[in-house]
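Visitor: What follows is a single structure, and I will ask about it in a moment.
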Amino acid sequence: MSADHSVPDGERRDFIILTAQAMGALGAAAVAWPFVDSLNPSADVLAMASTEVDISAIAEGQEIKVMWRGKPVFIRHRTAADIEASKAVPLSELRDPQTDDARVQKGKEQWLIMVGVCTHLGCVPLGNMAGEYKGWFCPCHGSHYDTAGRIRKGPAPTNLLVPQYVFTSDTNVRIG
Amino acid sequence: MAHDTPREQKPGIYGWLDYRIPLQPAQNLLYDFPAPRNLNYWWNFGSIAGICLVVQILTGILLTMHYNPSAAGAFNSVEHIMRDVNYGWLLRYMHAVGASMFFTVVFIHIFRGLYYGSYKAPRELLWWLGVIILILMMATAFMGYVLPWGQMSFWGATVITNLFSAFPIVGEPIVTWLWGGFSVDNPTLNRFFALHYLLPFAIVGVVLLHLIALHTHGSNNPTGIDVKGPKDRIPFHPYYTVKDFFGFGVFFIVFAAFIFFAPNYLGHADNYIEANPLVTPSHIVPEWYFLPFYAILRAFVFNIPFWALGLPVLAYAGWLKLKAIRSGEFTFGNIIDAMTTFKCAGDNAVGRIQKVMFAGGAGAVLVLIGLIGFVIEAKLAGVLAMFGALIILFFLPWLDTSKVRSGNYRPLFRWFFWLFVLNALMLGWLGSKPAEGIYVVFSLIGTAYYFGYFLVILPLLGKYEKPLKLPESISVAVTKGSH
């Protein structure tokens, strides 16, 4: 015959089983986190998270691409016409409203620095006044950005990301 | 399983082995079971899909032995396979073309199931296992395409992993986690390689379950009616083994034609350029077998307000209410009962009124949220629709309300089915086109029909279509009209 479950012992046994199961589940969860987290960026990837660029050679109206965190960063030396065109746009026309001032640093309005990754699905937009708004155009799914890198038309939801950066001198900028 | 009576050891090597480890189940699984006598050639594609999986695993394992899974070495090692490894070109072309063949065969296999109602009771679980195999195949194929580390590999991986960034809040951390960095890079390639090697064996496991489920109730057949006796059946071996082998022969002719005469026809020239994180190719497209889903993804170029989701739900609630009023169930007493019963009352008057109230409430909430101004962003809508296009297949056994399985006896269904096939082909074509202008409009129409087929047409057809008279039995159906 199997054990008699009507004895008072049964309640204690239930308690022991539940406790053991709860401990087992906790243990499994505790082990699961390191497994999951091991797939996140490792220390060496995180360590390469800033880059220094010499911008003295970039003429007005010119733009360069540099690598930062494995992604391209656009550095554009804007013309006065670029800046004016951007400032003239009313905020109500923008999908992701941001003023031109909010996209650049004060006193350095000619330098537009952005991560060159389309906010739709991550392609690199084409530059040099491409697209309908003379800024950038993403060929993958047809997003148009203006001279301040703001989304104007197409599927992308937000403006091109402006990373953290500081001008370490008049000719040098550190991104990240 | 322990037996009460001791088993007898039969003579010979088979007997010696079977006494120690039962061989009969394996035999049953592969060829030793009765099958309907009327299976047509559309039923060949299951076994052909099986042989495709074997080809992919064999060639894949051999390719692994020459491949270098690193961002610095991957592209060159694939060229090394093509130029230096003995028959490396053959192995790689077999593997690459084999993936396309595998998907072709599986898509036909799925359409076969859709036409003949092979997903209906008691084969729902069999269908589910098939959908799981399809999803695993898609994941495996996607990661495999990244391994050569060409431009399409890199940018395809970037675009597809970026899909997850559409989800609010958790999106960005998920993408970083998938990448193991801030962009697709070496860690991404390594984990994709590991998973690309692992998942096919998971597929083998699900395929075994698929076969076990298949043999529990046997194959469906072109009439869709159940096997009723020995006159409806023939042994699988030798009749269908021979037929399957004939199918293999035809299949391998097509396969070989691609391998030897057009190995790159189904690929993209851009993938022979090494990955460059600074330059996106001007026209990114996935492999052809993903194109219909890609078209659905890109069909949404506008935000969807919540009220647009709420209105159909409200309409559905209104329709249910109308039905209840007509049948006289919508009485004051029943309404009070429905409101005071705090659980599903089931399939009765009170339960139906609960349904009206539930659908009405849900619809109203959605409309209200919409009126405040909440929307599903275009990007998220596309992603949800693309994944939804696969997930909806799980619900198919309950969405198709018709009692008749086979499309042969459903005169209206047939039209909608073939339109569904054409629509899938159209979506595939649209997926290869740029996402602009008229292409987007047609993508949206195609997407609407894709979901409409499952959510509106199939549920209603079952109620309003008058099916043709079913034959008495399979044997009557196949001998009818013969001399």
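Visitor: Return the sequence-ordered ³J(HN,Hα) values of region B:463-474 in whole Hz as given by the Karplus equation 6.51 cos²θ - 1.76 cosθ + 1.60 applied to θ = phi - 60°, using x for Gly and Pro.
Guide: 8, 10, 6, 9, x, 6, 5, 7, x, 5, 7, 4
Visitor: If amide H atoms are built 1.01 Å from N in the plane of the peptide, which residues on other chains or at least 5 residues away come under 5 Å of the amide H of B:LYS228?
Guide: So B:LYS228 has HN proximity to B:ILE474.
Visitor: Using a simple spin-label model with points 7 Å from Cα along the Cα→Cβ vector, what separation in nm is obtained for B:LEU460 and B:LYS10?
Guide: The answer from the label model is 5.7 nm.
Visitor: Between A:LYS65 and B:ILE61, how high is the FRET efficiency from 1/(1 + (r/R0)^6) when r is the Cβ-Cβ distance and R₀ = 35 Å? Nearest 0.05.
Guide: Working: r = 40 Å, r/R0 = 1.15.
Computed FRET efficiency for A:LYS65 and B:ILE61: 0.30.
Visitor: Using DSSP loop states and a limit of at most 15 other Cβ atoms within 10 Å to flag trypsin sites (Lys or Arg not before Pro), what is the longest stretch of chain B containing no flagged site?
Guide: Details: sites that count: B:ARG7, B:LYS228, B:LYS343, B:LYS403, B:LYS469, B:LYS480.
With trypsin sites (Lys or Arg not before Pro) excluded where exposed in loops, chain B gives B:8-227 as its longest stretch.
Visitor: Any idea how far apart B:ILE445 and A:GLU84 come out in nm if each label point goes 7 Å out from Cα toward Cβ?
Guide: For B:ILE445 paired with A:GLU84, the spin-label model returns 4.6 nm.
Visitor: Among the lysines, select those whose C-alpha is under 25 Å from the C-alpha of B:LYS466, and discard any that sit fewer than 8 residues away in the same chain.
Guide: Cross-link targets: B:LYS120, B:LYS228, B:LYS323, B:LYS403, B:LYS480.
Visitor: Right, another one. Say the dipole of the protein assembly as shown comes from +1 at the beta carbon of Lys and Arg and -1 at that of Asp and Glu; which of B:PHE107, B:VAL85, A:LEU112 then lies farthest toward its positive end?
Guide: B:PHE107
Visitor: Sticking with this one: Among the lysines, which have Cα under 28 Å from the Cα of A:LYS108 when same-chain residues fewer than 8 positions away are ignored?
Guide: A:LYS65, A:LYS71, A:LYS87, A:LYS134, A:LYS153
Visitor: Let me ask another. Based on the Cβ-Cβ distance from B:ILE21 to B:VAL204, what FRET efficiency comes out when R0 is 22 Å, to the nearest 0.05?
Guide: Details: r = 19 Å, r/R0 = 0.88.
The computed FRET efficiency comes out at 0.70.
Visitor: Fewest to most neighbouring Cβ within 10 Å: what's the order for B:TRP319, A:TRP68?
Guide: B:TRP319, A:TRP68
Visitor: Now for a different question. Hey, what number do you get for the protein assembly as shown at 222 nm if only DSSP H runs of n ≥ 4 count, each worth -39500 (n - 2.57), divided across all residues, to the nearest 500?
Guide: Details: 22 runs with 353 residues, N = 659.
Counting only the DSSP helices, I get -18000 deg cm²/dmol.
Visitor: Hydropathy first: keep DSSP H helices in chain B averaging at least 0.0 on Kyte-Doolittle, then drop any whose Cα extent along the axis falls short of 15 Å, and list what survives.
Guide: Details: long enough: B:45-64 (28 Å, 2.09); B:88-116 (41 Å, 0.99); B:124-146 (34 Å, 1.95); B:151-162 (16 Å, 0.39); B:186-217 (47 Å, 1.10); B:236-261 (35 Å, 1.42); B:306-326 (30 Å, 0.95); B:349-372 (35 Å, 1.65); B:378-399 (30 Å, 2.10); B:411-431 (31 Å, 1.37); B:437-452 (23 Å, 1.38).
TM-like helix candidates: B:45-64, B:88-116, B:124-146, B:151-162, B:186-217, B:236-261, B:306-326, B:349-372, B:378-399, B:411-431, B:437-452.
Visitor: Quick check on the exposure proxy: order A:ASP14, B:ASP270 from fewest to most C-beta atoms within 10 angstrom. Walk me through the numbers on the way to the answer.
Guide: Numbers: A:ASP14 11, B:ASP270 18.
Sorted ascending by nearby Cβ count, the order is A:ASP14, B:ASP270.
Visitor: What whole-number distance in Å separates the alpha-carbon centres of region A:85-141 and region B:128-171?
Guide: That distance is 29 Å.
Visitor: Would you list B:TYR116, B:TYR41 from fewest to most Cβ contacts within 10 Å? Spell out each step's value before the answer.
Guide: Working: B:TYR116 22, B:TYR41 11.
In order of increasing Cβ crowding within 10 Å: B:TYR41, B:TYR116.
Visitor: Assuming a ≥ b ≥ c are the square roots of the Cα gyration tensor eigenvalues, decide whether chain B counts as rounded (a/c under 1.5), prolate (otherwise, with a/b larger than b/c) or oblate. Walk me through the numbers on the way to the answer.
Guide: On the way: a/c = 1.83, a/b = 1.10, b/c = 1.67.
Oblate is the answer for chain B, as a/c is 1.5 or above yet b/c matches or exceeds a/b.
Visitor: Counting Lys +1, Arg +1, Asp -1, Glu -1, what net charge surrounds B:PHE442 among other residues with beta carbon under 15 Å of its beta carbon?
Guide: Working: positive: B:ARG298, B:LYS433; negative: B:GLU436.
Neighbour charge sum, excluding B:PHE442 itself: +1.
Visitor: Ignore the peptide's own chain and count Cβ atoms of other chains within 10 Å of each Cβ in B:179-187; give me the average, rounded. Mind showing how you got there, number by number?
Guide: Working: counts 5, 6, 10, 11, 9, 3, 5, 2, 6.
That works out to 6 on average.
Visitor: Between region B:298-339 and region B:357-372, what is the C-alpha centre distance in whole Å?
Guide: Cα centroid of region B:298-339 versus Cα centroid of region B:357-372: 9 Å apart.
Visitor: Kindly provide the Kirkwood hydrodynamic radius of region A:1-157 in Å, to one decimal, from all pairs of distinct alpha carbon atoms. Spell out each step's value before the answer.
Guide: Numbers: mean 1/r = 0.0501 Å⁻¹.
Computed over Cα pairs of region A:1-157, the Kirkwood hydrodynamic radius comes out at 19.9 Å.
Visitor: Now for a separate question. For A:GLN98, what residues show an amide H to amide H distance below 5 Å, using hydrogens built from the backbone and excluding near sequence neighbours?
Guide: For A:GLN98, no residues qualify.
Visitor: In whole Å, largest first, what are the principal axis extents of the Cα atoms in the protein assembly as shown?
Guide: 91, 80, 74
Visitor: Can you give me the C-alpha center-to-center distance between region B:177-214 and region B:418-483, rounded to a whole angstrom?
Guide: The two parts, judged by their Cα centres, are 32 Å apart.
Visitor: Could you compute the net charge surrounding A:ASN159? Neighbours are other residues with a C-beta less than 10 Å from the C-beta of A:ASN159; K and R count +1, D and E count -1.
Guide: Working: positive: A:ARG95, A:ARG103, A:ARG150, A:ARG152; negative: A:ASP96, A:ASP146.
Computed value for this residue: +2.
Visitor: Once fully extended, how much extra length lies between B:SER282 and B:ASN38, figured as 0.36 nm per residue of separation less the alpha-carbon to alpha-carbon distance? All intermediate terms of the calculation are to be shown ahead of the outcome.
Guide: Values: separation 244, 0.36 × 244 = 87.84 nm, distance 5.07 nm.
Roughly 82.8 nm would be gained on extension.
Visitor: Moving on to the next point. Once you list every other residue whose beta carbon is under 9 Å from the beta carbon of B:ASP232, what net charge do they have if Lys and Arg are +1 and Asp and Glu are -1?
Guide: Values: positive: B:ARG37, B:LYS228, B:LYS231, B:ARG233; negative: B:ASP226.
Charge balance in the 9 Å sphere: +3.
Rule-based calculations on the coordinates, nothing more; no lab input. Everything numeric in this text was worked out from a predicted model, so none of it was measured. Neighbour counts run over all protein chains shown; Cβ positions are idealised from the backbone, glycine included.
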